[in-house]
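Reading through the structure tokens given below for one structure.
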Amino acid sequence: MPRTEAILVTFTLVLYAVSFSSSVAALAMGRERLLSLGRWTALCGLGLHAGALAARWAVSGHAPVATPYENASTGAWSIVLLTFLAPRRWRLFRGAGAGAMALALIILGWGTTGDTSFGPMAPSLRSVWLYVHVFFAFLAYAGFSVASGTALGYLWKAKRGEVGLLARLPVLEDLDLTVFRYVVFGFITCAVMIAAGSIWAKDLWGAYWSWDPVETWSLVAWLTYGVLIHLRVTYGWKGRRFAWFALLAIVLVIVAYFGVGQVVTATQHVFTVPEPPIF
Amino acid sequence: MRAIDLVAVEWREFVAFLRTRALVLVSILLLTGLYGIGLAVPQRVRLAPSAYAAWRASRPRLVRALEAAGLTDVFRSPIVYFATGLFFASLLAVIWERIPRIVRRTRLEHGIPLEPAALARRKGTRRIPVAEEEEAVRRAAGLLEASGYRIYEPRPGALRAVRFRWAPLGFLAFHGAFGLLLAGAITIDLTRYSAWATIGEGEAFDAASGPFRNPPKPPKTGAAHPELAFQVLDVRPERESGMQKRLGADLLFAGEATPRHVEVNQPAVLGSTSVLITGAGPAPLFACGAPGGASSGVWVKMKLDRDGVTHFALPECGLRVAVRPAEQPQRLGKNGQGVMLQATGAALGPEALADGVEVLILRAGGVERRGVLVPGGEMATDDVGGRLAMPEVRLYATFEIVDERGGALLWVGFALGVLGLVFRLVLFRREVVAVASGGAVLLAFAAEGAGLAGESSLLARLELFVASPEEEG
Ligand code: HEM
């Protein structure tokens with residue numbers, strides 16, 4: 001990892017951790033000041049994180065979307081960014097800030113424990129469609145993450161009522177609408193991600209679609225969110241049921257993001273028939 | 001009742017069944033679940049035949065049961081075809097029924113009723129007492145127009161304002177896009193030809209005769225292969241700090257005067273045919289000399305996969321040989337992440353043989369002799385003067401040749417689908433109605449999609465403004 005990036009990432013982690021702790025403390029103690037500290041530290045962290053990504057980009061010569069670490073870092077950054085891009089963003093931060101910061105911390109922290117080195121981009125990754133694909137993937141996954149974080153807030157508040165720190169979350173109706181909006185945002189960006197990936201696959205592998213596990217997994221996740229939107233617009237699902245679905249659907253996204261590689265290796269492992277070595 | 005009427009009734013009932021919300025959901029869930037099975041159960045097309053056979057041998061009963069249910073080739077199984085058919089039948093039935101309704105929704109005359117009595121009864125209608133009600137409605141029109149609403153005013157004192165009136169068409173665009181994707185997929189399935197070829201520098205390829213790595217897959221309809229022939233002029237893998245950076249080749253196509261350059265991710269496209277480069281490696285020339293004469297030699301395309309061992313024979317000298325680069329290439333995707341992604345375009349240049357080639361001279365009983373050959377060098381193959389030389393190294397590349405139609409339908413489907421979603425879910429139709437009625441203005445709102453929350457400040461302003469113009473600003 002370049003030195004500048006290493007320093008910036010360290011500070012980012014510290015700021016995200018401060019933001020997370022003060023957001024949780026703000027909710028627990030009801031101090032507006034702590035909430036404000038949470039927001040500002042998250043915003044500063046976001047700025048430093050952007051600097052870290054830019055530093056890496058400058059040194060490696062390619063966008064930070066080529067290795068698991070780079071994807072984790074860009075992914076965590078997108079989650080924090082989306083939390084701030086919300087309409088009436090300060091209000092949203094109250095509801096989803098702590099969850100979003102926790103997620104960003106986990107993802108970035110997990111990324112830094114792996115291989116953070118970089119090299120030239122592999123030939124297979126040299127395509128503008130990769131950038132389109134990955135950009136929308138981050139938006140989609142970040143959108144779904146914020147939706148499920150907000151859904152958690154909704155369910156918590158719906159169960160316990162206006163007591164203690166829950167009274168400080170936005171009203172249930174607002175939380176419900178926010179969940180739906182982020183589901184819609186994730187759904188549309190996920191559609192673009194799948195389309196861009198498919199166009200890229202045609203140039204790289206000669207076929208738009210080959211039922212590769214990663215492709216299939218993304219399609220299944222997208223269809224599941226399609227079912228969720230259907231339930232809302234045709235069956236009028238709102239509130240608790242909708243929030244539960246939005247909360248659970250994120251599992252598919254998490255597997256698509258982290259897990260397919262592991263699942264696929266596992267299966268390939270079982271079915272590999274080694275040839276006896278002759279050398 | 002005549003038989004034909006009975007059939008008509010049955011048909012109408014069937015179509016009504018196809019339109020039910022529950023069936024729509026069931027058909028989407030069924031497809032999602034079946035695709036999910038494709039992830040959980042190993043798929044025959046995705047496994048090497050030997051690996052599949054090994055799995056079959058290890059769990060014979062389970063695999064046979066899965067095969068009988070079509071689950072080991074689920075994406076082409078009858079149940080997936082049935083689920084897809086159900087999905088599209090249901091989609092068509094719903095779209096067909098909704099077209100008139102949706103077109104009506106794009107018209108300004110359509111929407112919340114403008115009759116005061118009906119409006120007053122409507123849930124959510126607000127009554128704002130004002131002195132000059134018609135004047136207040138006119139003021140509302142001004143504010144709404146300035147905020148991007150189109151105004152419909154059939155009579156003084158009654159207006160309907162609509163924003164994004166075309167948005168409901170997004171439903172048709174998005175759901176109709178599935179039809180385009182299906183048409184594209186069927187066209188591709190019927191017309192697709194694919195072949196793999198491993199070709200050395202200076203060698204030629206012809207779709208009519210090859211050389212092919214495995215038998216080409218002909219299309220289900222039309223000519224057996226595209227008219228395509230080219231010669232590989234040179235292959236250029238590029239590395240940086242020991243890692244691969246690029247892979248390209250120059251190809252001269254039959255009937256063309258200038259060569260075309262192909263790269264990984266940038267295939268040569270000739271009409272509906274594309275030529276993709278997917279890998280490259282060294283192809284040394286091996287020649288043998290025996291006391292009785294010398295062979296002209298064979299160009300051996302060295303394997304890059306697995307353990308990288310390549311076998312070949314030199315019958316003139318009665319030799320069977322196994323070779324591999326002395327320096328083993330870095331194994332790709334060691335943690336399994338992006339194996340397929342990184343492996344595409346993997347290449348070894350001549351530098352891979354800088355440390356030479358490990359050679360085994362094989363006999364029926366096993367290895368007869370071993371050694372290392374560097375470019376230009378030679379080694380003894382027996383004790384009576386036989387030798388094996390590696391005088392020259394050139395490169396080869398693997399190519400995928402694909403010919404298919406229908407891709408344009410997919411592109412249009414993608415674009416239409418995304419546009420439709422944005423229209424219907426982001427720019428959804430919003431409607432405001434203001435009607436003068438007995439010393440008051442009745443205000444009502446409606447929106448499809450994510451609710452009117454985004455417009456709440458406009459609506460609050462509108463209420464104040466209707467009540468008293470001084471409030472504005
Ligand atoms: C059998 C196939 C399908 C049928 C019959 C169908 C039908 C419908 C209907 C009736 C609506 C409500 C429209 C309205 O009230 O304005 C709707 C909305 C929606 N559907 Fe579907 N749908 C199907 C498949 C899908 C699939 C596969 C997806 C995506 C995964 C999807 C995503 C959506 C979305 C996002 C909406 C909300 C936006 C809109 O109304 O266009 N649908 N669908």
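Taken together, the values in this text are just the output of simple stated rules run on the coordinates, not laboratory data. Because the structure is a prediction, the values reported are computed rather than measured. Methodologically, a virtual Cβ is constructed for each residue, glycine included, from the backbone with ideal geometry; neighbour enumeration extends over all protein chains shown.
Tabulated values for the structure
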{"quantity": "Between 0 and 90°, nearest 10: helix B:407-421 axis offset from chain B longest Cα axis", "calculated": "30"}
{"quantity": "Pairs of lysine residues in the range B:203-315 - Cα separation under 24 Å, sequence separation of 8 or more or cross-chain", "calculated": "4"}
{"quantity": "Kyte-Doolittle mean at least -0.5 and Cα axial length at least 27 Å: DSSP H helices in chain A", "calculated": "A:3-29, A:32-60, A:89-113, A:128-160, A:172-205, A:213-235"}
{"quantity": "Which of A:Thr150, A:Thr189, B:Thr187, A:Thr234 has the fewest Cβ neighbours within 10 Å, and the rest in rising order", "calculated": "A:Thr234, B:Thr187, A:Thr189, A:Thr150"}
{"quantity": "Estimated inter-spin distance, B:Ile4 and B:Ala354, nm [label 7 Å along Cα→Cβ]", "calculated": "8.5"}
{"quantity": "Dipole of chain A, positive end: most advanced residue of A:Pro123, A:Val251, A:Thr234 [Cβ charges, Cα centre]", "calculated": "A:Thr234"}
{"quantity": "Amide proton proximity set for B:Arg394, modelled H, under 5 Å, gap of 5+", "calculated": "B:Ala283, B:Leu285"}
{"quantity": "Total charge dipole magnitude, the protein assembly as shown, about the Cα centre, Cβ charges on Lys, Arg, Asp, Glu only, Debye to nearest 20", "calculated": "2820"}
{"quantity": "Computed E for B:Val372/B:Arg104 - FRET, C-beta separation, R0 60 angstrom, nearest 0.05", "calculated": "0.15"}
{"quantity": "Total charge dipole magnitude, chain A, about the Cα centre, Cβ charges on Lys, Arg, Asp, Glu only, Debye to nearest 20", "calculated": "1180"}
{"quantity": "Net charge contributed by nearby residues that have their C-beta within less than 12 Å of B:His261 (K/R +1, D/E -1)", "calculated": "0"}
{"quantity": "Efficiency of FRET between A:His230 and B:Ala131 - r from beta-carbon atoms, R0 51 angstrom, step 0.05", "calculated": "0.60"}
{"quantity": "Amide N proximity, the range A:62-78 versus B:Glu240 label position 7 Å along Cα-to-Cβ, cut-off under 13 Å", "calculated": "A:62-63"}
{"quantity": "Where the Cα pairs of chain B fall when distances are cut into 20 Å bins, in %", "calculated": "16, 32, 26, 17, 7, 1, 0"}
{"quantity": "Magnitude of the charge dipole, chain B, Cβ model with Lys/Arg +1 and Asp/Glu -1, debye to 20", "calculated": "1880"}
{"quantity": "Qualifying lysines (Cα of each under 23 Å from Cα of A:Lys157; at least 8 residues distant if same chain)", "calculated": "A:Lys238"}
{"quantity": "Directionally averaged projected area (convex hull, Cα atoms, the range A:14-61), nm²", "calculated": "3.0"}
{"quantity": "Stretchable slack from B:Ala117 to B:Glu203, in nm (0.36 nm times residue separation minus alpha-carbon distance)", "calculated": "22.4 nm"}
{"quantity": "Selection of GluC sites (Glu not before Pro), the range B:185-270, meeting DSSP coil and at most 14 other Cβ within 10 Å", "calculated": "B:Glu227, B:Glu256"}
{"quantity": "Listed residue (B:Val433, B:Gly376, B:Trp166) projecting farthest to the positive dipole end of chain B, Cβ model", "calculated": "B:Val433"}
{"quantity": "Helix-only [θ]222 nm of chain A, DSSP H runs n ≥ 4, -39500 (n - 2.57) each, per residue, nearest 500", "calculated": "-27500 deg cm²/dmol"}
{"quantity": "Computed [θ] at 222 nm, helices only, for chain B once each DSSP H run of length n ≥ 4 contributes -39500 (n - 2.57)", "calculated": "-11000 deg cm²/dmol"}
{"quantity": "The range A:1-60 versus the range B:383-446: alpha-carbon centroid distance in Å", "calculated": "34"}
{"quantity": "Amide H within-cut-off set for A:Arg31, under 5 Å, with H built and near neighbours excluded", "calculated": "none"}
{"quantity": "Positive-end extreme of charge dipole, chain B - chosen from B:Tyr35, B:Thr273, B:Ser296 (charges on Cβ)", "calculated": "B:Tyr35"}
{"quantity": "For the protein assembly as shown, convex hull of alpha carbons as volume per residue, Å³", "calculated": "233"}
{"quantity": "Translational diffusion coefficient (Stokes-Einstein; Kirkwood radius from C-alpha pairs) of the range B:346-400 at 20 °C, 1.002 mPa s, in µm²/s", "calculated": "166"}
{"quantity": "Distance from the range B:196-217 to the range B:74-139 (C-alpha centre basis), Å", "calculated": "58"}
{"quantity": "Residues in the range B:38-59 that a label on B:Ile79 would reach, taking backbone N under 16 Å of a point 7 Å out along Cα→Cβ", "calculated": "B:38-44"}
{"quantity": "Chain A shape via C-alpha gyration tensor axes, a/c threshold 1.5", "calculated": "oblate"}
